[in-house]
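The values are calculated or read from the model by the stated rules, or taken from the named source; none is laboratory data. None of these values were measured; they are calculated from a predicted model. Don't worry about glycine lacking a Cβ; one is built from the backbone with ideal geometry, like all the others, and counts go over all protein chains shown. The area values use the complete protein model at the heavy-atom level, side chains included, leaving out ligands, DNA and RNA. Shrake-Rupley method; radii C 1.70, N 1.55, O 1.52, S 1.80 Å.
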Amino acid sequence: MSPFSHSEYDNHLRVSFVADPDSGLRAIHAIHRPVDGRTGGGIRFRPYASDDEALTDVLRLSKAMSYKFALAGLPAGGAKTVIIGDPAKLKTPELLTAYARYVESLGGLYIAGPDIGTNADDMTELARTTRFVAGRSDLSGTTAIPTAQGCFSALKATIRAAFGRDDFTGLRIAIQGVGGVGGVLVQMLADAGADLVVADIDQAALDAAAALGAKVVSPDKILAADVDLLSPNAMGAVLSKTSISTIKARAICGCANNQLATPDCAQALVDQGILWAPDYVVSAGGAIDGSKDAGLITAQESAAKIDGIGATLATIFDSAKRQNITTEAAAHALAQDLIGQFE
Ligand SMILES: NC(=O)c1ccc[n+]([C@@H]2O[C@H](COP(=O)([O-])OP(=O)(O)OC[C@H]3O[C@@H](n4cnc5c(N)ncnc54)[C@H](O)[C@@H]3O)[C@@H](O)[C@H]2O)c1
């Protein structure tokens, strides 16, 4: 399919197909809207079922990055990379170096970061070849901590809007996925007095959460758990028409990217009486921290922006309520306003 006629094309500035037969690299890189000549976005490494699926994913994700950066007040536009293949089999220093050469050739138009299938050590590997990489293990290390901190600020705004509460004591919260981000959230929410239920497919991650007092349920029970709030922190597309009809929580706030299986799920959540915090607002902490590593903002600005995620979310909740629109539509409108100011 030609990217021009693709439903997710949205006038991307550039879509590049990057290959290096020697290392097996096959990647698609999409640049949505630069701001001040700069874009940023993670490198997702996945065994896509087809090249079309990879193209759809990269176009959607780079546009979402533009929204994420705009709503986080960051001086960069959105971009994204998908590398096609199984990272467990394909990821080698040679392949990462080949991709780093491509990133370097863009001269700073794109700053790469980690995403599913890549990590902070991979970013350090890239940094041997390119200057334009954030989220390195030799700098701030894992982005899970700032991402969880931003999520905690978002959670506070969510419980204020949904339950009129300012504290987590006794609040029943289900967390799907207690890996990097979810694991830190367990710690923060347990400290804040929440009553936690968790699910994961990784026993070590579950053991760590259970040690902090969380109750463990099987992965197929977590979305429908009898709780006040649900926090998805595993994978995307978990909020489908089917799953939404089973959710008992009255509010959803988590960092998993692209939580809505289809756009109309935003309305399905409203119809079910559930307040949903748009994920690209909630999960901006890692991108904010990466922007600090990339020299776009200071450490002080980074801390303030991470803490400010809750305030942005409160504006979105407010606007959705006033206009009787979904929180997704309100976030979208605010992001487009902010992006428009740069264009
Ligand atoms: N790390 C970041 O800085 C960051 C930033 C923005 C968004 N996100 C998003 O947040 C989510 C979590 O990121 P992370 O860095 O913690 O990833 P992670 O891989 O460290 O943790 C994800 C956890 O989910 C678990 N999981 C996988 N399938 C599951 C299932 N079916 N049921 C329950 N648990 C399952 C995994 O075992 C793992 O423990 C992802 O969707 C990621 O894209 C992360």
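Over 21 Å between C-alpha atoms is what I'm after, so list which of Lys156/Lys305; Lys80/Lys292; Lys156/Lys321; Lys215/Lys248; Lys156/Lys241; Lys156/Lys221 land there. Could you put the intermediate results ahead of the total?
Numbers: Lys156/Lys305 15 Å; Lys80/Lys292 18 Å; Lys156/Lys321 18 Å; Lys215/Lys248 17 Å; Lys156/Lys241 26 Å; Lys156/Lys221 25 Å.
Distance filter (> 21 Å) returns Lys156/Lys241; Lys156/Lys221.
State whether region 1-138 is rounded, prolate or oblate according to the following rule on the C-alpha gyration tensor (a ≥ b ≥ c being the square roots of its eigenvalues): a/c under 1.5 gives rounded; otherwise a/b larger than b/c gives prolate, and the remaining case gives oblate. In terms of gyration-tensor shape, oblate. Summary of packing: across the peptides 75-83, 193-201, the per-residue average of other C-beta atoms within 10 Å ranks them, highest first, as 75-83, 193-201.
What is the percent carbon and sulfur in the accessible area of the chain, measuring with a 1.4 Å probe over the protein chains and ignoring ligands? Could you put the intermediate results ahead of the total?
Details: 7400 of 14290 Å².
That share works out to 52 percent.
Taking all protein chains into account, the per residue accessible area for the chain stands at 42 Å² (1.4 Å probe).
For Ile175, nonlocal amide neighbours, meaning residues 5 or more places apart or on other chains whose placed amide H falls under 5 Å from its own, are Val197, Val198, Ala199, Ser231. Taking a ≥ b ≥ c as the square roots of the Cα gyration tensor eigenvalues, region 197-311 comes out oblate, since a/c reaches at least 1.5 and a/b does not exceed b/c. According to the square roots a ≥ b ≥ c of the eigenvalues of the Cα gyration tensor, what is the shape class of region 131-235, taking rounded for a/c under 1.5, prolate for a/b larger than b/c otherwise, and oblate for the remainder? Oblate, since a/c reaches 1.5 and b/c is not below a/b.
Ordering of 232-245, 269-282 by packing is 269-282, 232-245, highest average first (other Cβ atoms within 10 Å, averaged per residue). Across the chain, Cα-Cα pairs more than 30 Å apart make up 33 percent of the total.
Residues whose amide H lies under 5 Å from that of Ala249, counting only those 5 or more places away or on a different chain, are Val227; hydrogens are built 1.01 Å from N in the peptide plane.
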